[in-house]
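Everything on this sheet refers to the single structure shown next.
Just so it is clear, none of the values below were taken in a lab; they were calculated from the coordinates. Quick caveat, the model's predicted, so the values are computed rather than measured. With ideal geometry, Cβ positions are generated from the backbone for all residues, glycine too; neighbour counts draw on all protein chains shown.
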Amino acid sequence: MTRHSFPVRIYYEDTDFSGNVYHAAYLKFFERGRTEFLRDLGIHHSELAEKGIAFAVRSMRIEFIAAARIDDLLTVTTEVVESTGVRLALRQTIMREQAILTSAEVLVVAIRTGGGPARLPADLRQRLGAGA
């Protein structure tokens, strides 16, 4: 699986004084999309932590195209662009029906919880389609 979709409903707490979604809320929606993508692959943050591994966002480029508003039902899509044993390049979009509202290019890396880079275990690399 290289593409994943996750629904998000917009609540009052996600909006600013104008009734539009506050820009930082999109980061939470993207994070939820990445987490659910991994969960559907059988990769759970708690199990990674037991192995001393975590994922960290190394970089993110976001384009805000149009605003979401309260009560909107959005879809967060997450797609693997490239993967290796230590990093994932992802493309994420937030859509309302067929309209893209926000898009992001995200580079996620594996780290040791004690600090420093980590190589993902072979079984996780295989589920992610990562190189050896």
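Quick rundown of the values:
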{"quantity": "Cut-off 12 Å between beta-carbons: net charge of the residues surrounding Arg125, Lys and Arg +1, Asp and Glu -1", "calculated": "+2"}
{"quantity": "Local net charge near Val106, Cβ-Cβ under 10 Å (Lys/Arg +1, Asp/Glu -1)", "calculated": "+2"}
{"quantity": "Using alpha-carbon coordinates, inclination of helix 23-40 to the longest axis of the chain, degrees", "calculated": "40"}
{"quantity": "Rule-of-thumb Rg ratio for region 57-132 [Cα; 2.2 N^0.38 Å; N residues]", "calculated": "1.34"}
{"quantity": "Kirkwood Rh, Cα atoms: Rg over Rh of the chain", "calculated": "1.01"}
{"quantity": "In sequence order, calculated HN-Hα J values of region 53-67 (Karplus, 6.51, -1.76, 1.60; Hz; x Gly/Pro)", "calculated": "10, 9, 9, 9, 6, 8, 7, 8, 10, 10, 10, 8, 9, 8, 8"}
{"quantity": "Amide H within-cut-off set for Arg58, under 5 Å, with H built and near neighbours excluded", "calculated": "Leu107, Val108, Val109"}
{"quantity": "Placed amide H near Asp72: partners under 5 Å, 5+ positions off or other chain", "calculated": "Ile10"}
{"quantity": "Net charge over other residues, Cβ less than 14 angstrom from the Cβ of Ala54 (K, R count +1; D, E count -1)", "calculated": "+3"}
{"quantity": "GNM top mover of Arg87, Arg119, Arg34 - the chain, alpha-carbon springs below 10 Å", "calculated": "Arg119"}
{"quantity": "Protection proxy ranking, peptides 103-111, 40-48, 77-85, average beta carbon neighbours within 10 Å, highest first", "calculated": "103-111, 77-85, 40-48"}
